[in-house]
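Encoded as C-alpha cells, the structure appears first; notes follow it.
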Amino acid sequence: MKNRFGSINPIAALLVVAAVLLLGSCQTYKYGYWGKLSDLGSNPALGKDSAEKRVQALALRKKQLNDETLQLSQEIQEKLKNSSPISMHTFNSLFGNLHEQYDVDSVYHQLFQQSPDDSIRFKSKQALLESALNYRKAFQKNKFIRRTINRGDIAYGIPTNTLAQTQQFLWSDKNNRRYLVEREKNKRETQTIAGFVLSKSVDNWHKYRYKTAYFLSKIFGQFAGQFHGKIDKKTNAMLLRSHLKEFDIVLLKSLTHLTEKFIPGYFGHVGVCLGNDLMIETPRSGVRICSTEEFSDGEIYLIVRPTNLSEMQKQEIRTSLKNQLGKKYDFVFDSQSPDRIVCSDLVCLSYDFIDWQSKKRAGHYITSPDDLVRSLLDRPDFSFEMYINQGQFLEKPDSAFIRELLLKK
C-alpha cells in the first residue's frame with residue numbers, strides 16, 4: 001500500500017476499496033447467481049429420494065453441456081487466434097448451450113434455496129460452484145468471449161451480465177474462494193479479488209466506450225434516415241406479392257435514401273418473407289414483423305429462394321426469426337456481437353447453415369446485403385428467382401447478371 005517514500009499507492013488503495021465493496025455486496029449472491037428466487041407456491045418440495053435422483057440426472061446433463069461449452073470455447077479462440085470471423089452457427093450454438101446451462105443452474109439454485117434436506121442443499125451449492133468454475137475456464141479468461149456473453153442475447157433468453165454474476169459468486173465468500181483456489185490447476189493463474197475487480201472495471205470501461213460509439217452512430221443514422229424521396233410502396237408491394245413465398249430472402253435498393261450512400265455495395269436492405277403478406281426485417285427501430293407494403297421501401301428488388309429446405313430447417317428458421325424479434329438495431333455494425341443486429345445479420349442468424357461471407361470494416365466484421373448475395377452465388381440449394389427494377393421484371397437472372405449488379409453502386 002505504501003511506497004518507499006511512505007505515501008499511499010493510489011492504485012493499490014483503489015483496488016482494495018473496490019474489493020471491499022465487492023465483498024460487501026456479496027450478500028446478494030448468498031442464494032446463488034441471481035439473488036433469491038420467489039416462492040414457488042403450488043410446487044411442493046421434492047422428497048430426499050426424488051431430489052437425489054434429480055441431482056444425479058442434472059449432473060449427467062451438465063457434463064454433456066460442459067463438454068460442448070469447452071469445445072465451442074476452443075473453436076472461438078482458434079478463430080480469434082487466426083483473425084477469422086466467427087460463424088453465426090457458432091454464436092447460435094454458444095448461446096443455445098448457455099440457455100440450457102442456465103436452465104440447469106436454475107434448478108440447482110431452486111434446490112439450494114428450497115430443499116429441506118441439508119445434504120441436497122450442500123450438493124446443489126457445490127454444483128453451482130462447479131458450474132461457475134467451468135464458465136471461468138471456458139470463457140472468463142478470454143475478453144472477447146467474456147464481453148460478448150455479458151452483452152446477452154434475448155433470442156436465447158440470456159440477460160446482460162449473467163457471466164459476470166457467476167464469477168462474482170466464486171468470490172462471494174471465503175468458502176467459495178477456497179473452492180476456486182483448490183480447484184485451479186495452475187495456481188499461478190488463480191485470480192486475486194483485486195484482479196477480478198480490475199478486469200471487471202476494464203470490461204465496464206469497454207462497455208461505456210461501446211455504448212458511446214453506438215449512441216453517436218445512432219444519432220447520425222437517425223438523422224440521415226430522415227432524408228429520402230417519396231416511394232410508391234403500395235405499387236411495389238403489389239409487384240412483389242405475386243412472386244413471394246415463405247422463406248424467400250428479399251434484397252432491395254432505394255435510389256432516393258441518403259442512408260444508402262453509407263452502406264457498402266449495391267443493395268441497401270434485406271428481409272425475409274414469412275408468408276401471408278408478412279415480412280420480417282431490421283430497420284433502425286429494431287427487428288419487427290411488417291406487411292409487404294411497409295417493407296417495400298425501394299425501387300429495385302432481388303428475390304432469392306431456398307429450394308431444398310427440410311421440414312426441420314424450416315422450423316428452425318421460423319423459430320430463429322421469431323426469437324430475434326425485439327432486438328435493437330446495431331448502429332456499430334458489428335456482426336460478431338449478436339446482442340444487436342442489422343438487417344443482414346437477421347438473415348445470417350436464421351440461415352446459419354450457410355457459411356456467410358463477411359469483411360472487416362472500421363475494425364469490425366460486417367456482413368452487408370451484397371455479402372449475402374455473394375455467399376449464395378452458385379449454390380445449388382438457392383435460386384435467384386426474380387429481379388425487379390422500377391416495375392420491370394427479369395425472371396431467373398443468372399450468376400453473370402448478379403455479379404455485374406454487385407459491381408455497381
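The values are calculated or read from the model by the stated rules, or taken from the named source; none is laboratory data. Owing to the predicted nature of the structure, the values given are computational and were not obtained by experimental measurement. Backbone-built Cβ (ideal geometry, glycine too); neighbour counts: all protein chains shown.
A few notes on this one:
Condition check ((1) in a loop (DSSP other than H, G, I, E, B); (2) among the acidic types (Asp, Glu); (3) surrounded by 20 or more Cβ atoms within 10 Å (Cβ to Cβ)) across all residues:
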| position | (1), (2), (3) |
| --- | --- |
| 101 | no, no, yes |
| 106 | no, no, no |
| 127 | no, no, yes |
| 160 | yes, no, no |
| 163 | no, no, yes |
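- Close contacts from the stretch 228-253, counting a first residue that is farther than 10 Å from residue 292 by Cα and a second that is buried (at least 21 other Cβ atoms within 10 Å of the Cβ) and hydroxyl-bearing (Ser, Thr, Tyr), with Cβ to Cβ under 6 Å and a gap of 6+ residues or different chains, come to 252/301.
- Just one of (1) surrounded by fewer than 16 Cβ atoms within 10 Å (Cβ to Cβ); (2) free of Cβ contacts under 8 Å to residues at least 60 places away in the same chain; (3) in contact with a helix residue (DSSP H, G or I) (Cβ under 8 Å, 6 or more places away or on another chain) fails for residue 391. It is (2).
- Only residues that are farther than 16 Å from residue 266 by Cα, of a type in the set (Lys, Arg) and within 24 Å of the chain's Cα centre (by Cα) were counted across the stretch 357-390, and they come to 2.
- Selection from the stretch 278-317 of residues that are surrounded by fewer than 16 Cβ atoms within 10 Å (Cβ to Cβ), without any contact (Cβ under 8 Å) to a residue 40 or more places away in the chain and not hydrophobic (A, V, I, L, M, F, W, C): 310, 311, 315
- Criterion violated by residue 268 - all others in (1) surrounded by 15 or more Cβ atoms within 10 Å (Cβ to Cβ); (2) modelled with pLDDT under 90 satisfied: (2)
- When residue 405 is tested against (1) within 21 Å of residue 297 (Cβ to Cβ); (2) at pLDDT 95 or above; (3) surrounded by fewer than 22 Cβ atoms within 10 Å (Cβ to Cβ), exactly one condition is not met: (2).
- Hey, residue 327 crowded, with 20+ Cβ neighbours inside 10 Å and either of a type in the set (D, E, K, R) or not assigned by TED's automatic domain parsing to the domain that holds residue 385 (or both) or not: yes
- The stretch 166-195 residues that are within 20 Å of residue 150 (Cβ to Cβ) and β-branched (Val, Ile, Thr), paired with ones that are outside any helix (DSSP H, G or I) and at pLDDT 80 or above (beta carbon under 9 Å, 6 or more apart): 193/171
- Of the residues making up the stretch 66-73, at least one is of a type outside the set (A, V, I, L, M, F, W, C), touching a Phe, Trp or Tyr at 6+ places or on another chain (Cβ under 7 Å) and in a helix (DSSP H, G or I).
- Among the residues of the stretch 222-240, at least one is of a type in the set (S, T, N, Q) and modelled with pLDDT of 75 or more.
- Some residue of the stretch 149-161 being of a type in the set (S, T, N, Q) and touching a Gly at 6+ places or on another chain (Cβ under 7 Å): yes
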